[in-house]
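Worksheet: the structure to be examined is printed underneath.
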Amino acid sequence: MILAPPPAFLTDPALRVVLAALPEARIVGGAVRDALAGRDVADVDLATPRLPADVVAALCDAGLKSAPTGIEHGTVTAIADHRGFEVTTLRRDVATDGRRAVVAFTEDFAEDAARRDFTINAMSMTPDGTVFDYFGGVADLRAGRVRFVGDAAARVAEDFLRVLRFFRFFARYGSGEPDPQAMAAIRAGVPGLARLSAERVWSELKRILAAPDPRSAVALMADTGVLVAVLPEGFSTARLFALLDTGAPADPVLRLAALLEGDAAALSERLRLSSAEAAFLAALRAGTALPPSAAADDIRRALAEVPREVLLGRAWLAGGDAGLLARLAAMPAPVFALHGRDLKAAGMPAGPALGALLRELREWWLARGCLAGAAELRSEMRRRLGEN
């Protein structure tokens, strides 16, 4: 089929330069899917029957730089206008073991499409906007069907990460009843999830939770046994759905805090969350939300002690009271304008007593609603030093 007019992303000057160097190449994967779905196209990947060395040579002849970002798998990154476009030689699977595939190069676009996971990801597009759809991806995209290419059980057995990828795409593109063959293959493939690396599991789970509305996908994950396999610490879909009902931001760690029932530290270590993600998850679950009726002094004290994003997250988890959220967002975070050097300048020697007095002054400041500025704090400091 030919799209008329061609998708807007095809007019990108940088992309056109790369395509001019590789005129036989086609756009593949997410860019085609999202263009057909009327969504913004972010990254553009290309596939070509040329071997990687020939791709590099063609780009060089066109005055373009390239980087061998995955050349052992057939991928070269073409660089145009300081942007990268991945160009991968067409491939076919030779052998798979549930985690990785041994591939061979091919010149057949249909053969390359046959090794892809879902029909909506197996389409390709020529530079003029002609779409090649070997497995009914266009119809599936329009119907909200996420369907494996060919035999669903075989696709899952080739790479068990496809179990989680199914739910990621179902959360964003699926509607109605899921494909029964996909569901059967996923149920059978649940034990294979244990063979995946923690990083791959968290990467997919994070993307599922970041979807605009992951309810249907998460419910299916629970029904198929996938959710207990990836969250053995325990989970509550009801609490996640309650958070989604509030209109909370689509932050995957915030949503994980609602979904998770078990030990956050254990999960963070097992799935190897980044230090920032683990700290945010722990903080969200470590304290209670401010009450909606919290006084201004209480909000200032909380902002002095806890990062704003944590307080906002706790408020969303507690029901998302609009008034409290607005006040938390608008209130300037108070700053304790006194330091150890100020006490030293006033004549107090370094040591445990200095630290103790600084902590006492901070408690005094907190008790008064964090309203005392630098001058008032120094006055109180001098008063206390005079008493000693």
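Bear in mind that the values in this text are calculations on the coordinates, not laboratory data. The structure displayed is predicted, hence computed values, not measured ones. Because the Cβ atoms are built from the backbone with ideal geometry, glycine has one as well, and the counts that use them run over all protein chains shown.
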* Mind ranking 337-347, 254-264 by how tightly packed they are, going by the mean number of other C-beta atoms within 10 angstrom, highest first? => 254-264, 337-347
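Would you list Lys206, Lys65 from fewest to most Cβ contacts within 10 Å? Before the final figure, lay out each step's value.
On the way: Lys206 17, Lys65 13.
Starting with the residue having the fewest Cβ neighbours, the order is Lys65, Lys206.
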* Mind listing the long-range amide H neighbours of Asp45? Cut-off is under 5 Å, sequence gap 5 or more, other chains count too, H placed in the peptide plane at 1.01 Å from N. => Val28, Ala31
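Lys and Arg at +1, Asp and Glu at -1: add these up for the other residues within a Cβ distance under 14 Å of Glu376 and post the number. Spell out each step's value before the answer.
Numbers: positive: Arg362, Arg368, Arg378, Arg382, Arg383, Arg384; negative: Asp342, Glu380.
Local charge sum for Glu376: +4.
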* Asked: Roughly how big is the chain's charge dipole about its Cα centre, with Cβ charges of +1 (Lys, Arg) and -1 (Asp, Glu), in debye to the nearest 20?
  -> 1200 debye
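Once the piece of chain linking Gln181 and Ala143 is laid out straight, how much longer is it, given 0.36 nm per residue of separation minus the C-alpha distance between them?
On the way: separation 38, 0.36 × 38 = 13.68 nm, distance 1.62 nm.
Answer, rounded to one decimal: 12.1 nm.
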* Asked: Between Arg285, Arg200, Arg165, which gets the highest mean-square fluctuation from a Gaussian network model of the chain, Cα cutoff 10 Å?
  -> Arg200
* Structure fact -> Among [x] 76, 53, 37; [y] 87, 52, 40; [z] 96, 50, 46, the value of Cα extents along the principal axes in Å computed for this structure carries the label [y]
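For region 1-143, rounded, prolate or oblate, judged on the Cα gyration tensor with a ≥ b ≥ c (square roots of eigenvalues), a/c < 1.5 rounded, else prolate if a/b > b/c?
Details: a/c = 1.86, a/b = 1.06, b/c = 1.76.
Judged from the Cα gyration tensor, region 1-143 comes out oblate (a/c at least 1.5, b/c at or above a/b).
For Val335 and Glu363, compute 0.36 nm times the residue count separating them, minus their Cα-Cα distance, and round to one decimal in nm. Numbers along the way, then the final one.
Values: separation 28, 0.36 × 28 = 10.08 nm, distance 1.30 nm.
Taking Val335 through Glu363 to full extension adds about 8.8 nm, to one decimal.
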* **Separation in nanometres of the label points that stand 7 Å from Cα toward Cβ, at Ala210 and Glu305** => 3.3 nm
* Asked: What residues of region 8-41 lie in the reach of a label at His82, counting those whose backbone N is under 15 Å from a point 7 Å from the Cα along Cα→Cβ?
  -> 14
* **Principal-axis tilt of helix 308-317 within the chain, Cα atoms, nearest 10 degrees** => 70 degrees
* Structure fact -> Full extension between Phe9 and Asp223 adds, at 0.36 nm per residue less the Cα distance, a length in nm of 73.2 nm
* GNM flexibility winner over the chain from Leu317, Leu64, Leu358 (Cα, springs under 10 Å) -> Leu358
* Top mean-square fluctuation among Leu51, Leu161, Leu284, Gaussian network model of the chain, C-alpha springs under 10 Å? -> Leu51
* **the chain - mean residue ellipticity at 222 nm from DSSP helices (-39,500 (n - 2.57) per run, n ≥ 4, rounded to 500)** => -14500 deg cm²/dmol
* Structure fact -> Farthest towards the positive end of the dipole of the chain, among Ala337, Ala229, Val56 and with Cβ unit charges of +1 on Lys and Arg and -1 on Asp and Glu, lies the Cα of Ala337
* Asked: With a ≥ b ≥ c the root eigenvalues of the C-alpha gyration tensor of region 340-387, is it rounded (a/c under 1.5), prolate (a/b larger than b/c) or oblate?
  -> prolate
* Of the listed peptides 21-31, 212-222, what is their order by residue-averaged count of other C-beta atoms within 10 Å, with the highest listed first? -> 21-31, 212-222
